[in-house]
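One structure below.
The values are calculated or read from the model by the stated rules, or taken from the named source; none is laboratory data. The model shown is predicted, which means the values in this text are computed figures rather than measured ones. Ideal geometry is used to build each Cβ from the backbone, glycine not excepted, and the neighbour counts take in all protein chains shown.
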Amino acid sequence: MGCFFSKRRKADRESRPENQEERPKQYSWDQREKVDPKDYMFSGLKDETVGRLPGTVAGQQFLIQDCENCNIYIFDHSATITIDDCTNCIIFLGPVKGSVFFRNCRDCKCTLACQQFRVRDCRKLDVFLCCATQPIIESSSNIKFGCFQWYYPELAFQFKDAGLSIFNNTWSNIHDFTPVSGELNWSLLPEDAVVQDYVPVPTTEELKAVRVSTEANRSIVPISRGHRRKSSDESCLVVLFAGDYTIANARKLIDKMVGKGFSLVQTKEVSMKAEDAQRVYREKAADFLPLLNKGPVIALEFNGDGAVEGCQLIINDTFNGTKMFVSESKETASRDVDSFYNFADIQMGI
């Protein structure tokens, strides 16, 4: 028995003029724009200032290699970035969805944001970092870290495109794969280090079109103390629940607390389940369970004498009616902080 469709295809071929060839099939991958790796690479440069403007990388992989005495700025989000064999370079990298890997580099100063950060066979790097997971160094020395500090109008959208949260930043929680007894291969930059003294704003006409600010109060990533020694035994935990103004409220609270002389130690954005809430919020868990289904929560740890009372006053005066969890007393605050961040680190695999 013949097939109706095979007969129809045969008839179509017979009806086609002899000099007209059958068109090849078109597939979706054939219609993709061809990517030239050379468009996503800086290689073999010396004494140059180069960069990529917002929208020109758009999530592609990027390679920087064999550059010397160069200023390099990538004002866009990318998939992964590898930096090999670079010397005495200044480097800014917009949000990287995957990893940033430095290999065999020396005397470089960098500002960057990424999911994973790794350094191997490097020496004397100064890095202002935002990293969602634990930064790793290996066979390296004199690596110094500070908290990411940078702003330009497109940067917030680029963080979203890269799948990064501005509140998940473990910049100071370094793991050294190859420690040397009696030596420390890494350290933290001075707390008063000025990012522009290390990674200055570009001055070429093309790159000046990006409206960059390095002012601390404009940084897209909240500037935290990280693992630096705390100035006080008193900390306070605040948890903001998902809503239309959660990020704006978190930024406003940070500005007001810092303005009062308290320090921001660490931040987290993470999803919570009912059992997580029970462990963290204890007797108040029932009040917050309905809010957990709306999305991730943002947690902030503040430090300083009087932090709990100061935070409660600001929340009552500025955020009256907004549902938040805040430590009730100085006595319970340390427990609140430890409970939340232990849970968050386990969930994030840190």
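For residue 253, indicate whether it is within 19 Å of residue 339 (Cβ to Cβ) and surrounded by 13 or more Cβ atoms within 10 Å (Cβ to Cβ).
Numbers: within 19 Å of residue 339 (Cβ to Cβ): no; surrounded by 13 or more Cβ atoms within 10 Å (Cβ to Cβ): yes.
When the stated conditions are applied, residue 253 does not pass them.
Taking residue 325 as the residue in question, decide whether it is buried (at least 19 other Cβ atoms within 10 Å of the Cβ), at pLDDT 90 or above and aromatic (Phe, Trp, Tyr). If you could, list the steps in order and put the result at the bottom.
On the way: buried (at least 19 other Cβ atoms within 10 Å of the Cβ): yes; at pLDDT 90 or above: yes; aromatic (Phe, Trp, Tyr): yes.
Taking the combined requirement at face value, the residue satisfies it.
Give the number of residues within the range 255-273 that are among the aliphatic types (A, V, I, L, M), under 22 Å from the mean Cα position of the chain (by Cα) and either assigned by TED's automatic domain parsing to the domain that holds residue 172 or closer than 19 Å to residue 334 by Cα (or both). Give the steps one after another, and end with the answer.
Residues of the range 255-273 that are among the aliphatic types (A, V, I, L, M), as a first pass: 257-258, 264-265, 270, 272.
Filter once more, keeping what is under 22 Å from the mean Cα position of the chain (by Cα): 258, 264-265, 270, 272.
Okay, now just the ones that are also either assigned by TED's automatic domain parsing to the domain that holds residue 172 or closer than 19 Å to residue 334 by Cα (or both), so 264-265.
Residues flagged as among the aliphatic types (A, V, I, L, M), under 22 Å from the mean Cα position of the chain (by Cα) and either assigned by TED's automatic domain parsing to the domain that holds residue 172 or closer than 19 Å to residue 334 by Cα (or both) within the range 255-273 amount to 2.
Based on this model, can you work out whether residue 239 counts as farther than 20 Å from residue 346 by Cα and either touching a residue at least 40 places away in the same chain (Cβ under 8 Å) or aliphatic (A, V, I, L, M) (or both)? Break it down into steps so the answer makes sense when it comes.
Details: farther than 20 Å from residue 346 by Cα: no; either touching a residue at least 40 places away in the same chain (Cβ under 8 Å) or aliphatic (A, V, I, L, M) (or both): yes.
No.
Which ones in the range 162-192 are under 26 Å from residue 298 (Cβ atoms) and either surrounded by fewer than 20 Cβ atoms within 10 Å (Cβ to Cβ) or free of Cβ contacts under 8 Å to residues at least 24 places away in the same chain (or both)? Please lay out each step first, then the result.
Here is the first cut: in the range 162-192, the ones under 26 Å from residue 298 (Cβ atoms) are 162-175, 188-189, 191.
Within the range 162-192, 163, 165, 173, 175, 188, 189, 191 qualify.
In the set 287, 317, 305, which member is over 26 Å from residue 130 (Cβ atoms), outside any loop (DSSP other than H, G, I, E, B) and modelled with pLDDT of 90 or more? Steps first, answer last, please.
Numbers: 287 fails: modelled with pLDDT of 90 or more; 305 fails: outside any loop (DSSP other than H, G, I, E, B).
Just a single option satisfies the conditions, and that option is 317.
So residue 158 fits all but one of (1) surrounded by fewer than 17 Cβ atoms within 10 Å (Cβ to Cβ); (2) assigned to a helix (DSSP H, G or I); (3) not small (Gly, Ala, Ser); what number is the exception?
Here residue 158 clears every test but (1).
I need a count of the residues in the range 179-204 that are over 22 Å from the mean Cα position of the chain (by Cα) and either under 16 Å from residue 117 (Cβ atoms) or outside the structural domain of residue 58 (by TED's automatic domain parsing) (or both).
Step one: filter the range 179-204 for residues over 22 Å from the mean Cα position of the chain (by Cα), giving 179-185, 203-204.
With the extra rule that they be either under 16 Å from residue 117 (Cβ atoms) or outside the structural domain of residue 58 (by TED's automatic domain parsing) (or both), the set shrinks to 185.
Within the range 179-204, residues that are over 22 Å from the mean Cα position of the chain (by Cα) and either under 16 Å from residue 117 (Cβ atoms) or outside the structural domain of residue 58 (by TED's automatic domain parsing) (or both) number 1.
Report the residue count in the range 333-350 for those that are loosely packed, with under 15 Cβ neighbours inside 10 Å and assigned to a helix (DSSP H, G or I).
So in the range 333-350, the residues loosely packed, with under 15 Cβ neighbours inside 10 Å come out as 335, 338, 342, 346-347, 349.
Restricting the remaining residues to those that are assigned to a helix (DSSP H, G or I) gives 335, 338, 342, 346-347.
Matching residues across the range 333-350 total 5.
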